[in-house]
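> Here it is, the structure, as structure tokens.
The values are calculated or read from the model by the stated rules, or taken from the named source; none is laboratory data. What you are looking at is a predicted structure, and each value in this text was computed from that prediction instead of being measured. Cβ: placed from backbone, ideal geometry, glycine included. Neighbour counts: every protein chain shown. Ligands, DNA and RNA are excluded from the accessible area calculation, which covers all protein heavy atoms including side chains. Shrake-Rupley method; radii C 1.70, N 1.55, O 1.52, S 1.80 Å.
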Amino acid sequence: MRPAQLIARAAAYLERHGVDSPRATAEILLMHVLGTDRVGLYTRVERLDARQAREFGRALCQRCAGTPVQHLTGEQAFHRLRLEVRPGVFVPRPETEVLVEVALREIREVEAPVVVDVGTGTGAIALAIKRERPDAAVFATDVAPEAVELARVNAARLGLEVDVRQGDLLAPLPDDLRGWVDLVVSNPPYVPEEEYEDLPAEVRADPREALIGGPEVYERLAAEATRWLRDGGVLAVEIHAAAGEAVRSILRRSFADVRVHRDLAGRDRVLTARRP
Ligand SMILES: C[S@@+](CC[C@H](N)C(=O)[O-])C[C@H]1O[C@@H](n2cnc3c(N)ncnc32)[C@H](O)[C@@H]1O
């Protein structure tokens, strides 16, 4: 069977099992199995060999059973980067690119800015910022050792220098950074506990500790960030779309100029706040 026919059959199978974006998913999985890109996929004339057919069939079944496509391909595109992903570490989401854009705007006028990404996961935000601003000194922290290891792997693969440290929020940073940080950026765990069970299987494939959170994490983050930011430094955080008001009132206690930024769907997505 030619790839185009195979994709059509695979897409129909995925659709019957309620998988989102069935055609795109079938294409991604087949490109992965064949080690090719879109052009290679649609210009291919040979049939799949037995091993490739088995591997493709297995990937389709795993996707139908709720395995995220990124765990099957081992990678995720994020803001002009291709990141390695692994089970056990949060898969970066496209909406977090809004946070990266807002963060980059906040440091546009700052020469050689000092940036800290708290809860870095794969290293997505820290690496995207370092790629756009090679003059920045970028630090990243995560409490999970698996995330720290993967963020370091991604930094090395991409040849981007980011200092990744394990520990709680900003605690692992070198002491001499206190008062010198221009930007603290974070996409912390923010899904309310009561929403967890209703999340789709592929979202629940992310570590629970990377997902579940609420106002408490923003309170701690805000309190710590004020100790590390310079005067006029900025805290930029991603939020749950329904948490804009709650997080805004937390940040207003110790920050000035608190602003909400919306994503492409018009939902509250990012808050920025300036240390007075
Ligand atoms: C929603 S994920 C975001 C990951 C990554 N920044 C991204 O946007 O793809 C939250 C991350 O915060 C980490 N985390 C949770 N609590 C933390 C804490 N107290 N200190 C540091 N990192 C934490 C989790 O391990 C997880 O990697």
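> Test of understanding: among 264, 271, 235, which residue is of a type in the set (A, V, I, L, M), open to solvent by 40 Å² or more (accessible area, probe 1.4 Å) and within 21 Å of the chain's Cα centre (by Cα)?
264
> In the list 132, 97, 146, which residue meets the criterion of being closer than 27 Å to residue 68 by Cβ, more than 11 Å from the ligand (Cβ to nearest atom) and of a type in the set (D, E, K, R)?
So the residue among 132, 97, 146 that is closer than 27 Å to residue 68 by Cβ, more than 11 Å from the ligand (Cβ to nearest atom) and of a type in the set (D, E, K, R) is 132.
> All but one of (1) within 16 Å of the ligand (Cβ to nearest atom); (2) out of contact with any Asp or Glu (no Cβ under 8 Å at 6 or more places or on another chain); (3) over 23 Å from residue 172 (Cα atoms) hold for residue 63, so report the exception by its number.
Status for residue 63: all satisfied but (1).
> Within the stretch 114-134, does at least one residue satisfy the condition of being assigned to a strand (DSSP E or B), open to solvent by 30 Å² or more (accessible area, probe 1.4 Å) and hydrophobic (A, V, I, L, M, F, W, C)?
no
> Quick one: in the stretch 150-171, which of the residues that are out of contact with any helix residue (DSSP H, G or I) (no Cβ under 9 Å at 6 or more places or on another chain), within 15 Å of the ligand (Cβ to nearest atom) and among the hydrophobic types (A, V, I, L, M, F, W, C) is least open to solvent (accessible area, probe 1.4 Å)?
For the stretch 150-171, the residue satisfying everything is 150.
> Cβ-Cβ under 6 Å, sequence separation 6+ or interchain: first residue in the stretch 112-132 and closer than 13 Å to residue 228 by Cα, partner outside any helix (DSSP H, G or I) and within 11 Å of the ligand (Cβ to nearest atom). Which pairs?
117/140; 117/185; 118/141; 118/169; 118/186
> Another question, then. Select, from 174, 189, 215, 200, the only residue that is within 11 Å of the ligand (Cβ to nearest atom) and either over 18 Å from the mean Cα position of the chain (by Cα) or open to solvent by 20 Å² or more (accessible area, probe 1.4 Å) (or both).
Only one candidate qualifies: 189.
> Check the stretch 137-149 and report whether any residue there is over 17 Å from the mean Cα position of the chain (by Cα) and surrounded by fewer than 24 Cβ atoms within 10 Å (Cβ to Cβ).
yes
> Select from the stretch 170-206 the residues that are free of Cβ contacts under 8 Å to residues at least 60 places away in the same chain, hydrophobic (A, V, I, L, M, F, W, C) and more than 22 Å from residue 95 (Cα to Cα) and list them in ascending order.
Answer for the stretch 170-206, where residues must be free of Cβ contacts under 8 Å to residues at least 60 places away in the same chain, hydrophobic (A, V, I, L, M, F, W, C) and more than 22 Å from residue 95 (Cα to Cα): 170, 171, 173.
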